[in-house]
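The values are calculated or read from the model by the stated rules, or taken from the named source; none is laboratory data. No experiment lies behind these values; they were computed from the predicted model shown. Please note: Cβ atoms are built from the backbone with ideal geometry, for glycine as well, and neighbour counts cover all protein chains shown. The area values use the complete protein model at the heavy-atom level, side chains included, leaving out ligands, DNA and RNA. Shrake-Rupley method; radii C 1.70, N 1.55, O 1.52, S 1.80 Å.
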Amino acid sequence: GATDVALSGVSSVVSVKSMAEQNSFARADALSISSGAAMGMSYVSSEDSSTVRAGLGSDVVLSAAVLRVRAESSDNIFQKSTASAGGLFAGLAGAYSEIDISGRTQAVLGDRSKIDVNTFDVSADRKQDFDATAFNIAVGALAGSGAVMKANLLGAAEVGIGAGLQVQAQDILISAKNVAKKTAYSSLDNSLQSFGGGLGTLTVLGAETNL
């Protein structure tokens, strides 16, 4: 992230800001064809454990018109998994997709600091835009197919106030906002698709989201 501190005379503004943006797109495709038995499996996984932090340390003495501490983070995590299998006797296909987001966005003020300002503004903001799809098809006299999508969303936005902090201000603004959105694919089509064709077929779908 980037940190910026600015002072400007009597009407001084102290601004401490940290920003980060994480972007990821992952895709896995599997294809298997055989005159006997065929198996196609694909697995794709993405993990985001980034930490973004802005703040002041301990034992700080500060006098200004405005103190603004902001930590901002944006996650854009997307992935697709496909598997296809075709065999004369048997076809087995499986697609698995997993996303783990456990990052932290933190705006912190250390212990025993003394702050004298007109406006005291501290905020942490984390935006998480993510989505995944899993698609597979199996064809054979005996066909089995399965698609699974799992998302673990444990990201957090936090404001930390140190022990013994003293603040004298006319306006005090403290906020922490954590927003997650999963619409990039699912708003347009099914997140999971699994097809099997044959004399005997078995199709399994599974979706799990943990917040």
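Sort VAL60, VAL122, VAL139 by accessible area with a 1.4 Å probe, largest first.
VAL139, VAL60, VAL122
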With point charges of +1 on the Cβ of Lys and Arg and -1 on the Cβ of Asp and Glu, referenced to the Cα centre of the stretch 31-115, which listed residue (SER34, LEU56, VAL44) lies farthest in the positive direction of the dipole?
LEU56
Total charge dipole magnitude, the stretch 62-211, about the Cα centre, Cβ charges on Lys, Arg, Asp, Glu only, Debye to nearest 20
40
Once normalised by the length of the stretch 72-200, the mean sequence separation of its alpha carbon contacts under 8 Å that are 6 or more apart gives a contact order in percent of 36
Tally the DSSP beta bridges in the chain and give the antiparallel ones as a percent, rounded to 5.
0
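Please give the length that would be gained between ILE33 and LYS114 if that part of the chain were fully extended, namely 0.36 nm times their separation in residues minus their C-alpha to C-alpha distance (nm, one decimal). List each step's numbers first, then the result.
On the way: separation 81, 0.36 × 81 = 29.16 nm, distance 7.04 nm.
Stretched fully, the ILE33-LYS114 segment lengthens by 22.1 nm.
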Here the relative contact order (percent) of the stretch 21-119, from C-alpha pairs under 8 Å and at least 6 apart, is 44
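What ranking do 91-100, 67-76 get when scored by the average of other Cβ atoms within 10 Å per residue, highest first?
Values: 91-100: 24.9, 67-76: 21.9.
Highest to lowest by the protection proxy: 91-100, 67-76.
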With the 1.4 Å probe rolled over protein heavy atoms, the chain has an accessible area per residue in Å² of 51
Stokes-Einstein, Kirkwood over Cα pairs, the chain, 10 °C, 1.306 mPa s; D in µm²/s equals 80
Roughly how many Å is it from the Cα centre of the stretch 60-105 to that of the stretch 164-191, as a whole number?
16
May I ask you to rank ILE33, ILE137 by accessible area, largest first, using a 1.4 Å probe over the protein chains only?
ILE33, ILE137
For LEU31, the accessible surface traced by a 1.4 Å probe with all protein chains present amounts, in square angstrom to the nearest 10, to 130
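Give me the percent of accessible area attributable to carbon and sulfur for the chain, probe 1.4 angstrom.
Values: 5760 of 10700 Å².
The nonpolar share, carbon plus sulfur, comes to 54 percent.
Per residue, how big is the convex hull of the stretch 6-87 when only Cα atoms are used? Give it in Å³. Intermediate values should be presented prior to the final figure.
Numbers: hull volume 5.6 nm³, N = 82.
That works out to 68 Å³ per residue.
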